Structures are given as C-alpha cells and as structure tokens.
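Comments concern the structure below.
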Amino acid sequence: MRFRTAIRFTAGLLVVQLFCALAAYSRVSAQGAQTVWDGIYTAEQAKRGEPLYSQGCMRCHGQDLMGGEMAPALSDGQFKSNWDGVPVGELFERIRVSMPADNPGGLSRQQYADILAYVFFKGGFPAGTTELATRTEMLQVIMFKATKP
C-alpha cells in the first residue's frame with residue numbers, strides 16, 4: 001500500500017514539474033527570445049577581445065573583419081545572413097573548436113567569448129551591462145538576428 005502511495009506521489013510531482021517547465025517555456029516564448037540586439041556583451045569585454053582578435057584572427061579575417069583570401073568576413077551582410085536565426089551558442093562553439101586555424105581550441109572560453117564580443121561590437125550590435133557568457137548552453141538561448149527586431 002505504501003509503495004502505491006509513493007508511486008502516485010512521485011507521479012504527481014513529475015506532472016507538477018512538467019507543468020511548471022512548460023509554463024516557464026511559454027513565458028519566454030511569449031516574450032521572445034533574447035537576441036544579439038539585447039546588449040549581450042559589455043563594452044569592456046569587447047575591448048579585451050580586440051587585442052586577442054589582432055593576435056589570433058586578424059591575419060586571416062582582416063583588420064576590419066572583412067575577410068581575406070581563405071577566411072570569411074565577420075561583420076558584413078553575408079556573415080549576418082549566414083548566422084541569422086541561429087543560436088549564439090552555435091557560433092561560439094564553431095569558433096571555439098575550429099579557431100584559430102593553426103591552433104583550434106587553443107584559447108580559453110573567456111578569450112573566445114571576448115573575441116566574439118569584439119566581433120559583435122564591430123558588427124554594430126549594442127553593448128549591455130552583462131558579459132557574454134562562456135558556457136555554450138547559456139548562449140543557446142540567445143538568437144543571432146541579422147536585423148534589429
């Protein structure tokens with residue numbers, strides 16, 4: 001008898017947790033997902049990213065982030081179009097596991113986040129009051145939007 005009561009209680013808790021999770025998801029969906037236009041990095045973080053970009057990215061992607069012979073631009077319309085509608089976490093991971101070309105994954109997560117903040121700054125996305133996260137799962141809820149909503 002106690003076993004059945006425990007199962008019913010556990011099942012009830014699971015239903016309540018599922019309901020709460022769905023309600024929270026609905027609230028976020030109704031409000032709209034956070035985007036790169038919501039100030040997802042700080043100006044200080046972008047400043048830290050500039051010398052890192054100069055040291056490890058500029059030789060391929062160019063001083064003005066407009067690309068080179070073998071590397072794509074990081075701030076033009078094509079770049080923005082390619083990433084439009086994609087979570088920032090996917091862009092972060094792409095950079096983190098494949099860049100720089102001669103040492104993929106050779107930087108810390110913080111350094112990659114700082115470089116990405118610099119890319120966002122140069123791309124015209126506004127700075128905010130909270131630094132860009134260094135954990136991919138936290139960046140998955142932020143959408144890259146080519147144009148301001």
Checklist outcome for this item: Every listed condition ((1) in a loop (DSSP other than H, G, I, E, B); (2) of a type outside the set (Asp, Glu); (3) more than 11 Å from the chain's Cα centre (by Cα); (4) buried (at least 19 other Cβ atoms within 10 Å of the Cβ)) holds for residue 96 save (1)
Checklist outcome for this item: Scanning the range 68-89 for residues that are modelled with pLDDT under 95 and open to solvent by 80 Å² or more (accessible area, probe 1.4 Å) gives 69, 70
Item to check | Counted residues, the range 45-67 - those being open to solvent by 40 Å² or more (accessible area, probe 1.4 Å) and touching a helix residue (DSSP H, G or I) at 6+ places or on another chain (Cβ under 6 Å) | outcome: 2
Next on the checklist: Among the residues of the range 74-93, what is the count of those that are touching a residue at least 24 places away in the same chain (Cβ under 8 Å), assigned to a loop (DSSP other than H, G, I, E, B) and closer than 17 Å to residue 53 by Cβ?
Outcome noted: 2
Checklist entry - Give me the pairs: first residue in the range 98-123 and under 13 Å from residue 39 (Cα atoms), second residue at pLDDT 95 or above and surrounded by fewer than 20 Cβ atoms within 10 Å (Cβ to Cβ), beta-carbon distance under 6 Å, and six or more apart or on different chains, which are they? => result 118/50
Item to check | Residue in the range 108-143 that is surrounded by the fewest Cβ atoms within 10 Å (Cβ to Cβ), counting only those that are touching a Lys or Arg at 6+ places or on another chain (Cβ under 8 Å) and in a loop (DSSP other than H, G, I, E, B) | outcome: 135
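Hey, can you tell me all the residues within the range 48-67 that are assigned to a helix (DSSP H, G or I), in contact (Cβ under 8 Å) with a residue 40 or more places away in the chain and out of contact with any Pro (no Cβ under 9 Å at 6 or more places or on another chain)?
Correct list: 48, 49, 50, 52, 53.
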Checklist entry - Does at least one position in the range 118-140 carry a residue that is touching a strand residue (DSSP E or B) at 6+ places or on another chain (Cβ under 6 Å) and more than 15 Å from residue 41 (Cβ to Cβ)? => result yes
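The values are calculated or read from the model by the stated rules, or taken from the named source; none is laboratory data. Because the structure is predicted, anything quoted here is derived from the model rather than measured. Backbone-built Cβ (ideal geometry, glycine too); neighbour counts: all protein chains shown. With ligands, DNA and RNA removed, areas are computed over all heavy atoms of the protein, side chains included. Shrake-Rupley method; radii C 1.70, N 1.55, O 1.52, S 1.80 Å.
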